[in-house]
Amino acid sequence: MSVRTSSLSALAVLAAIGLPLAALHGLEREPAGAPQAGPGRTDVMANLFEWNWDSVASECTGTLGPAGYAGVQVSQPADSLKRTKLGDGSDTVLHPWWEIYQPVSYELTSRMGTEAQFRSMVTTCRRAGVKVYVDAVVNHMTGQGSTSYGGRTYSHFEYAGLYDASDFHRKGTDCPSSTGGIEDFNNLRQVRTCELVGLADLRTDSPKVRNELAKYLNKLIGYGVSGFRVDAAKHVGQDDLLALQKKLRDTVDGDRPYVALEVFGGGPGILSPQAFTGAGSAVLGLDGDIQIKNAFKSYPADGTGSLAVLKTFGDGLTPSGKTLSFVQNHDTERNGDALTYKDGATNLLAQQFLLAYGYGTPQVYSSFAWSATDASPPSDPGGLITDTDCASEAWVCVHRDKAVTGLVGFHNHVGRAPVTHWWDNGGNLIAFSRGQAGWIALNNDKSPVTRTFDTGLAAGTYCDVTRGSVSKGKCSGPTVTVDARGQVRVTVPAKGAVAFTRADRV
């Protein structure tokens, strides 16, 4: 996001505005639904934020494919700002994470690697059964600097061979605010034609701009990309989003691209997330992650919320089939809206709930450790991101945790089965089935609880997938026994869960 403003908090909240695009009205074919890939997979996506391309490729082969992830969201791959001095948004970090949200050209030379490495990563992931979804910045270009990672020079409104001043909204002619930036986020004209935190705002209603954007996105599709998270989609507007999508080709699988739109909540009328559900395949579940945080953690210093309130999770939010859901993303883990990796077991438990409950297309977020909100991912002195090492404290690999991968398999098995046999104690112990396909109990209290639950599953011994897995008819972890009445007596660990599906019978 633009760092021409000194407000780092605004930058951290707004900088990376993007979603996978959803329902595509006005197209000749039906819009893309939830992403699917490979046998034994449904729609679970990993979001490997600011991992380099070689590391993503390795993860697709070593973890994502075997664990049953259907897709991976990767970071904005276009050539972007490369800062050469401190200030202008960060006085302490030369190469903050938000550099990539200021594109300079649509060449694929970035902090994450070269174009050849990007293409190889997509091919490798697809061979592993994992589709690739790209974070796409189409609303704006840069807000500062003059040099890119690809070695290009530029100015705020001049990008050689791509855009000139006539391709941007300008103060006085288009933008009605006194500064040229968005001063009122409830003012429709300002939201669409003024600069978001100082970023040069593209005329996305212009045929030339739409053609350049479509050329870029179609190149990615041609390389095997299956869809996009569209950053700052609220600031593009529905009509321009739909017009751009009409120019996109089908994916290599013959499907329409999956397009998820970043639309932060709180806006009235046509600025609300609900108003964008027809402008793409989905909108980001930015209100949902707030509700998850409030249920699992709440706001008092020692608060733990109440999991019992999640019985109707999804009511009042955007429709499940039109939502890319998550516990956190790179914006909300920094702006206070969501749980973060720093919440430890609570964060893992929330990931398990989302995967088990079935609201939206679930995405598991992994990235790098940070203390300052504008911290750089682990990089070399020139800003190029180094290989991910999940054994290092510098990286946070939530998607690898057994508590999470076990629930990826659970989610894939139960599919669209309804939530049944809900039980709660009015506080922080809940349990529910997914039809007759699977059952889970989650305990957000600090002490284990032992009790008997109705599961709706057939009698037998089952492997607890939160701590083990089935191989050759044997469970690598603890087992639980369902009796002839479909009941199970289990101890649900503190800050933990017990879960199994009918496929986990041993």
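The values are calculated or read from the model by the stated rules, or taken from the named source; none is laboratory data. Remember, it's a predicted structure, so these values are computed and weren't measured experimentally. Every residue, glycine as well, gets a Cβ built from its backbone with ideal geometry; the counts of neighbours run over all protein chains shown.
Observations, loosely collected:
- Yes/no for V72 being in contact (Cβ under 8 Å) with a residue 24 or more places away in the chain, under 30 Å from L407 (Cα atoms) and among the aliphatic types (A, V, I, L, M): yes
- Of the residues making up the range 218-266, those that are assigned to a helix (DSSP H, G or I) and not aliphatic (A, V, I, L, M) are N218, K219, G222, K234, H235, Q238, D239, D240, Q245, K246.
- Matching residues, the range 326-379, being in a strand (DSSP E or B) and either touching a Cys at 6+ places or on another chain (Cβ under 7 Å) or under 13 Å from V44 (Cβ atoms) (or both): F326, T361, P362, Q363, V364, Y365, S366
- Residue in the range 105-112 that is in contact (Cβ under 8 Å) with a residue 40 or more places away in the chain, in contact with a strand residue (DSSP E or B) (Cβ under 7 Å, 6 or more places away or on another chain), surrounded by fewer than 24 Cβ atoms within 10 Å (Cβ to Cβ) and in a strand (DSSP E or B) present: no
Quick grid of which residues meet (1) more than 30 Å from T92 (Cα to Cα); (2) within 19 Å of the chain's Cα centre (by Cα); (3) surrounded by 21 or more Cβ atoms within 10 Å (Cβ to Cβ); (4) free of Cβ contacts under 8 Å to residues at least 12 places away in the same chain:
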| site | (1), (2), (3), (4) |
| --- | --- |
| I292 | yes, yes, yes, no |
| L307 | yes, no, yes, no |
| K311 | yes, no, no, no |
| L354 | yes, yes, yes, no |
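- Odd one out for S392 among (1) of a type in the set (S, T, N, Q); (2) surrounded by fewer than 21 Cβ atoms within 10 Å (Cβ to Cβ); (3) not in a loop (DSSP other than H, G, I, E, B): (3)
- Filtered residues of the range 73-91 (kept if among the polar types (S, T, N, Q) and not in a strand (DSSP E or B)): S75, Q76, T84
- Complete set of residues in the range 114-134 that are touching a helix residue (DSSP H, G or I) at 6+ places or on another chain (Cβ under 8 Å) and either of a type in the set (A, V, I, L, M) or crowded, with 22+ Cβ neighbours inside 10 Å (or both): F118, M121, C125, A128, V130, K131, V132, V134
- Condition met for L64 (among the aliphatic types (A, V, I, L, M), within 20 Å of the chain's Cα centre (by Cα), in a helix (DSSP H, G or I) and modelled with pLDDT of 95 or more): yes
- Evaluation of L27 against (1) surrounded by fewer than 18 Cβ atoms within 10 Å (Cβ to Cβ); (2) of a type in the set (A, V, I, L, M); (3) at pLDDT 95 or above (one fails), failing number: (3)
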